[in-house]
Amino acid sequence: MPFVITDPCIGTKDSACVDVCPVDCIHPRKDEPEFAQATMLYIHPDECIDCGACVPACPVAAIYDSPDSTPASQKALIEANAIYRAGDAGAVAKAEEIVKSHEAAHPDLMAVPPAERAAAHAK
Ligand code: F3S
Ligand code: F3S
């Protein structure tokens, strides 16, 4: 079961997760052209080997260890992680569309500072 990045990454994009991932499955990296435009980063489920290194690296606890453990409010972002492909303009646009609709559907979470959003997921 792949790991999933969720909404504390929005507005944070710390990228510490990218630096520790042994299989380079988190994108866009800072050195990829899409980094500036991407609202958040994504883990591709087919490439993630479930090593777990990214979880403690993230300063805002944005990463869950499986789709099953991803909180209900974050479920739409599972698909955004799966769709996103660096270098594929169509896939990037679709993932970003999902993120935009997630933001619109959860103004309560978006109003919380990113560092406190993971704690708010449980409420
Ligand atoms: Fe990489 Fe995290 Fe998966 S470090 S391999 S994305 S569990
Ligand atoms: Fe985002 Fe956390 Fe990685 S903020 S970029 S998931 S380290």
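Throughout, read-outs are computed from the coordinates displayed, never taken from laboratory work. Quick caveat, the model's predicted, so the values are computed rather than measured. Every residue, glycine among them, receives a Cβ derived from its backbone with ideal geometry; neighbour counts consider all protein chains shown.
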Averaging sequence separations of C-alpha pairs under 8 Å and six or more residues apart, then dividing by the length of the chain, give the relative contact order as a whole percent. 33
Could you bin all the Cα-Cα distances of the chain into 10 Å bins starting at 0 and give me the percent of pairs in each, rounded to whole numbers? 15, 51, 32, 2
Return a single number: how many Lys pairs in the chain, at a sequence separation of 8 or more or on separate chains, have alpha-carbon atoms below 22 angstrom apart. 10
No Cys partner within the rule (Cβ under 4.7 Å), the chain: 9, 21, 25, 48, 51, 58
The answer for residue 3, listing residues at least 5 apart or on another chain whose modeled amide H is closer than 5 Å to its amide H, is 50
Mean-position separation - Cα centroids, the stretch 104-122 and the stretch 1-52, in angstrom: 19
Helix-only CD estimate at 222 nm, as mean residue ellipticity for the chain, using -39500 (n - 2.57) per DSSP H run (n ≥ 4): -10000 deg cm²/dmol
